[in-house]
Amino acid sequence: MRPTRAEINLNVLRENVRTLKKIHKGRDFFCPMVKANAYGHGDVEVTNALVKEGIERVGVILTEEGIRLREKNAGEGKKPQILVFGFFDSSSIKECFDHDLTPVIGNFDSLLLITKVLPKDKKIKIHLKFNTGMARLGFSASDAAKVLEFVSSHKNIELEGICTHFANGDDAMSPDGMTQAQMRIFSGIEKIFEGKFKYSHCLNSGALISDFQGLEDHHRNKNYLGARPGIALYGYPPKISDMADDIRPVMSVHTSIVQMRNINKGETVSYGGTWKAQRDSLVATLCIGYGDGYPRHFSNNSSMLFRGERVPVIGRVCMDYTVIDLTEFKNKPEIKMGENVTVWGYHGNQMLSAEDLAQNINTISYELITRLGPRVPRVYV
């Protein structure tokens, strides 16, 4: 009943997929990431749209996320492959097997668990992850031969792919960049596993957008490299190539005016009185706050769109409400209760980027869209 909502444009999502697949040039392994509730967009609905677009696999982090997609029949009967890129214990390995999920394994403890938990007459597909510079998850490159020996000696393990994760995919075009250094290490791992895997994947949004694999170089000309696009899928690709120009944000967050108030010069707004009117002003209260995931750091430090124009956020953001300054509209057509205000995203032909807003508070678009809470309903258009 509250007028606050996040509109998810599935047509834009599918257009973004087409653009990214075009950049990827139709290579075999293309795995959009739908972790963290599809970056706040709704994992089941997004997966359904992806499958309609011909996507055969998606990626999550938590085993629970994969189970949810299976139990909600994500893909509407077509049952995409679901890769789980998280950590594993004996229960999560068993759940992967029971729900036909593909674990991405990055340590020996998890490999051993597979051999202990799974019935000897059953097989499970896995992918192996190697650390080449991210220093977060994955086997050490120096362990590659030992890992291959272990996997080859256990018949209930079917190795489908190997992968790594770039720490700075945006620099993929630089011959002296970190991505190049990681790719050299990963190429060495690929040689050790030569002929033992079907897919090799490492292209995140930055490396994919840069068309990293199209360059003629002895270690960069990896025309088979698989892609795992994340943030680019949802409309915020790194601005490192003209190829990103056709990708648009999928989510627009809207709310409405629930109260207006004329205040006198010198009066303050919201907790702590951190904003003081420098003139007689017209302010409006909106139904969104940090309890919805709208950051308190936006207090006196952000803007929204009203009637196609930017208006400032004033005073401290509250748990349930935020106040904006509409003084510039006092002598324009009457403002009505319930008028739409765009928190970020599209407002008619105008666009207020979550990335631009995030920069105001020294963060990134990922954080804004993923922290949008369950009190904000997703409306699919």
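Among the residues of region 1-28, count how many are among the hydroxyl-bearing types (Ser, Thr, Tyr) and closer than 21 Å to Gly348 by Cβ. Don't jump to the end; show me each part of the working.
Within region 1-28, the subset among the hydroxyl-bearing types (Ser, Thr, Tyr) is 4, 19.
Still in the list and also closer than 21 Å to Gly348 by Cβ: 4.
Qualifying residue count, region 1-28: 1.
Could you count how many residues in region 21-48 are of a type in the set (A, V, I, L, M), surrounded by fewer than 21 Cβ atoms within 10 Å (Cβ to Cβ) and at negative phi?
Quick first cut of region 21-48, residues of a type in the set (A, V, I, L, M) only: 23, 33-34, 36, 38, 44, 46.
Pick out the ones that are also surrounded by fewer than 21 Cβ atoms within 10 Å (Cβ to Cβ) and you get 36, 44.
Those left that are additionally at negative phi: 44.
Number satisfying all stated conditions: 1.
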For this session: Select from region 368-381 the residues that are among the hydrophobic types (A, V, I, L, M, F, W, C) and at pLDDT 95 or above and write down the one among them that is nearest to the chain's Cα centre (by Cα).
Result: Ile369
For this session: Considering only residues that are touching a strand residue (DSSP E or B) at 6+ places or on another chain (Cβ under 6 Å) and basic (Lys, Arg), look in region 66-125 and name the one that is surrounded by the most Cβ atoms within 10 Å (Cβ to Cβ).
Result: Lys125
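When you scan region 344-364, how many residues do you find that are of a type in the set (Gly, Ala, Ser) and more than 15 Å from Gly235 (Cα to Cα)? Reasoning before the result, please.
From region 344-364, those of a type in the set (Gly, Ala, Ser) are 345, 348, 353-354, 358; that's our starting set.
Next, only the ones that are more than 15 Å from Gly235 (Cα to Cα) stay: 348.
Going through region 344-364 one residue at a time, the tally reaches 1.
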For this session: Could you tell me whether region 151-161 includes any residue that is closer than 13 Å to Gly106 by Cα, assigned to a helix (DSSP H, G or I) and either under 30 Å from the mean Cα position of the chain (by Cα) or touching a residue at least 24 places away in the same chain (Cβ under 8 Å) (or both)?
Result: yes
For this session: Can you tell me which residue within region 287-319, out of those that are surrounded by 17 or more Cβ atoms within 10 Å (Cβ to Cβ), touching a Gly at 6+ places or on another chain (Cβ under 7 Å) and not polar (S, T, N, Q), is nearest to Tyr366 (Cα to Cα)?
Result: Gly293
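When you check Ser365 against the structure, is it buried (at least 22 other Cβ atoms within 10 Å of the Cβ), out of contact with any His (no Cβ under 6 Å at 6 or more places or on another chain) and at pLDDT 95 or above, yes or no?
Numbers: buried (at least 22 other Cβ atoms within 10 Å of the Cβ): yes; out of contact with any His (no Cβ under 6 Å at 6 or more places or on another chain): yes; at pLDDT 95 or above: yes.
Yes, satisfied.
Quick check, is Ile335 under 27 Å from Pro237 (Cβ atoms) and either outside any strand (DSSP E or B) or in contact with an Asp or Glu (Cβ under 8 Å, 6 or more places away or on another chain) (or both)? Spell out how you get there, then give the answer.
On the way: under 27 Å from Pro237 (Cβ atoms): no; either outside any strand (DSSP E or B) or in contact with an Asp or Glu (Cβ under 8 Å, 6 or more places away or on another chain) (or both): yes.
Criteria not met by Ile335.
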For this session: For region 271-280, indicate whether the set of residues that are open to solvent by 60 Å² or more (accessible area, probe 1.4 Å) and aromatic (Phe, Trp, Tyr) is non-empty.
Result: yes
Exercise. Got a number for residues in region 120-150 being of a type outside the set (S, T, N, Q) and assigned to a loop (DSSP other than H, G, I, E, B)?
Worked result: 10
Exercise. Quick check: is even one residue across region 133-146 modelled with pLDDT of 95 or more and among the polar types (S, T, N, Q)?
Worked result: yes
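What is the residue count in region 220-262 for residues that are among the charged types (D, E, K, R) and either closer than 16 Å to Gly42 by Cα or at pLDDT below 95 (or both)? Step through it out loud before you land on a result.
If we filter region 220-262 for residues that are among the charged types (D, E, K, R), which is where we start, we get 220, 222, 228, 239, 242, 245-246, 248, 261.
So of that shortlist, the ones also either closer than 16 Å to Gly42 by Cα or at pLDDT below 95 (or both) come out as 220, 222, 239, 242, 245-246.
Going through region 220-262 one residue at a time, the tally reaches 6.
What residue, among those in region 342-362 that are among the aliphatic types (A, V, I, L, M) and in contact with a Lys or Arg (Cβ under 9 Å, 6 or more places away or on another chain), is least open to solvent (accessible area, probe 1.4 Å)?
So in region 342-362, the residues among the aliphatic types (A, V, I, L, M) come out as 343, 351-352, 354, 357-358, 361.
The next check asks that each one be in contact with a Lys or Arg (Cβ under 9 Å, 6 or more places away or on another chain); those that pass are 351-352.
Details: Met351: 66, Leu352: 0 Å².
Only one residue fits best here, namely Leu352.
Taking the criterion of being free of Cβ contacts under 8 Å to residues at least 40 places away in the same chain and touching a Pro at 6+ places or on another chain (Cβ under 8 Å), would at least one residue in region 70-77 satisfy it?
If we filter region 70-77 for residues that are free of Cβ contacts under 8 Å to residues at least 40 places away in the same chain, which is where we start, we get 70-77.
Cutting the leftovers down to touching a Pro at 6+ places or on another chain (Cβ under 8 Å) gives us 74.
Within region 70-77, one or more residues are free of Cβ contacts under 8 Å to residues at least 40 places away in the same chain and touching a Pro at 6+ places or on another chain (Cβ under 8 Å).
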Exercise. Out of the residues in region 222-278 that are touching a Cys at 6+ places or on another chain (Cβ under 7 Å) and assigned to a loop (DSSP other than H, G, I, E, B), which is farthest from Asp211 (Cα to Cα)?
Worked result: Ser270
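The values are calculated or read from the model by the stated rules, or taken from the named source; none is laboratory data. Small disclaimer: the values here were computed from a predicted structure and weren't measured. Methodologically, a virtual Cβ is constructed for each residue, glycine included, from the backbone with ideal geometry; neighbour enumeration extends over all protein chains shown. For accessibility, only protein heavy atoms count, side chains too; no ligands or nucleic acids. Shrake-Rupley method; radii C 1.70, N 1.55, O 1.52, S 1.80 Å.
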